[in-house]
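Participant: Below is the structure I would like to discuss, written out as structure tokens.
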Amino acid sequence: MTDQLAVVTVTYSSGDYLRSFLETLAHATDLDPRVVIADNGSDDGAPEAAERDYERVTLLHTGANLGYGGAINRAVAQIDPAVEFLLVANPDVAWGPGSIDELLAAAGRWPKAGALGPLIREPDGSVYPSARRVPHLVSGTGHALLGAVWKNNPFTRSYLDDERTDTERPVGWLSGSCLLLRRTAFDEIGGFDDDYFMFMEDVDLGDRLGRAGWQNVFVPTAEILHTKGHAASKNPELMLPAHHRSAYKFQADRNPGPLRAPLRWGLRAGLAIRSRVAVRLARRELDRGGEQ
């Protein structure tokens, strides 16, 4: 049954990661899903090679760098609406055996789950805190301003919600690096918000699913490996300001109106300062690494 599931990924010169993504996919599910690669302007030939070498891979050139959510939306628009589930994932994901089938089984247990996410391991074997609470103005701002300098601050502890990594449960939102999405839920809320170029589009999606009455369910029996940030870490001058702009947009959208304008001004100023500091620190680390 191939029309139960379609897989979507977004590439931007993802190199060998994409081949690992496709090769491990065969061990993640007994289905034979169609894979749509939304390419945002790669120059490494990897998406073209994937379409040539893998039978059920379709390459979609978006025509510009649309960002993650925008490219996903463009790809989903090419998929038959009868497909029940969309598996959205970064190309630097390696699938654990049976991981997708575990997510599909959990979807059967949680009929109101609009999104389901696996346990995510990093290359060193540690568990990435992928199941989190939705950041509200105070907690989100506290995490944004203090997370880099005070790792164990109460705002960050509350936001990460990483205390229970062995329990299948509803959460506020799930990492967009790997999401099983129920197509009816995704379509109902209009998919990803295209205005998020990069970062926070998964937080926004999870929050809007919750507001629409759907659940975001963490499924630790499904496991993947994610080499996160391989592109972002090389371009802090672009990626870190983008992250801070997205953080501002998320909170500003949820705190509209003239009465809350001073809050938005303060948040914008604080995040701008934090962004500049974070870029300097990241560039210093990169330069130091290059000298070694």
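The values are calculated or read from the model by the stated rules, or taken from the named source; none is laboratory data. As the structure is a prediction and not an experimental result, all values here were calculated from the model. Counting neighbours? That spans all protein chains shown, and the Cβs are built from the backbone with ideal geometry, glycine included.
Participant: What do you reckon, is T29 surrounded by 14 or more Cβ atoms within 10 Å (Cβ to Cβ) and in contact with a strand residue (DSSP E or B) (Cβ under 6 Å, 6 or more places away or on another chain)?
Facilitator: no
Participant: If a residue has to be touching a helix residue (DSSP H, G or I) at 6+ places or on another chain (Cβ under 8 Å), farther than 16 Å from T227 by Cβ and among the charged types (D, E, K, R) to count, how many in the stretch 1-46 make the cut?
Facilitator: 4
Participant: So, in the stretch 46-65, exactly how many residues are aliphatic (A, V, I, L, M) and more than 15 Å from S14 (Cβ to Cβ)?
Facilitator: 1
Participant: Search the stretch 20-40 for residues that are under 25 Å from G70 (Cβ atoms) and among the polar types (S, T, N, Q) and pair each with any residue that is surrounded by fewer than 17 Cβ atoms within 10 Å (Cβ to Cβ) and at pLDDT below 95 when their beta-carbon atoms are under 8 Å apart and the residues are at least 6 apart or on different chains.
Facilitator: Final answer for the pair search is N40/A64; N40/N65.
Participant: What pairs can you find where one residue is in the stretch 120-148 and under 29 Å from T221 (Cβ atoms) and of a type in the set (A, V, I, L, M), the other is assigned to a loop (DSSP other than H, G, I, E, B) and at pLDDT below 90, and their Cβ atoms are less than 7 Å apart, with a gap of 6+ or different chains?
Facilitator: Taking only residues 6 or more apart or on different chains, the pairs are V127/T165; A131/D161.
Participant: Going through I120, I100, I72, I79 one at a time, which residue ends up being in a loop (DSSP other than H, G, I, E, B) and either surrounded by 15 or more Cβ atoms within 10 Å (Cβ to Cβ) or in contact with a strand residue (DSSP E or B) (Cβ under 8 Å, 6 or more places away or on another chain) (or both)?
Facilitator: Values: I120 fails: in a loop (DSSP other than H, G, I, E, B); I100 fails: in a loop (DSSP other than H, G, I, E, B); I72 fails: in a loop (DSSP other than H, G, I, E, B).
Going through I120, I100, I72, I79 in turn, just one is in a loop (DSSP other than H, G, I, E, B) and either surrounded by 15 or more Cβ atoms within 10 Å (Cβ to Cβ) or in contact with a strand residue (DSSP E or B) (Cβ under 8 Å, 6 or more places away or on another chain) (or both): I79.
Participant: Out of the stretch 49-73, which residues are at pLDDT 95 or above and among the acidic types (D, E)?
Facilitator: Matches in the stretch 49-73: E51, D53.
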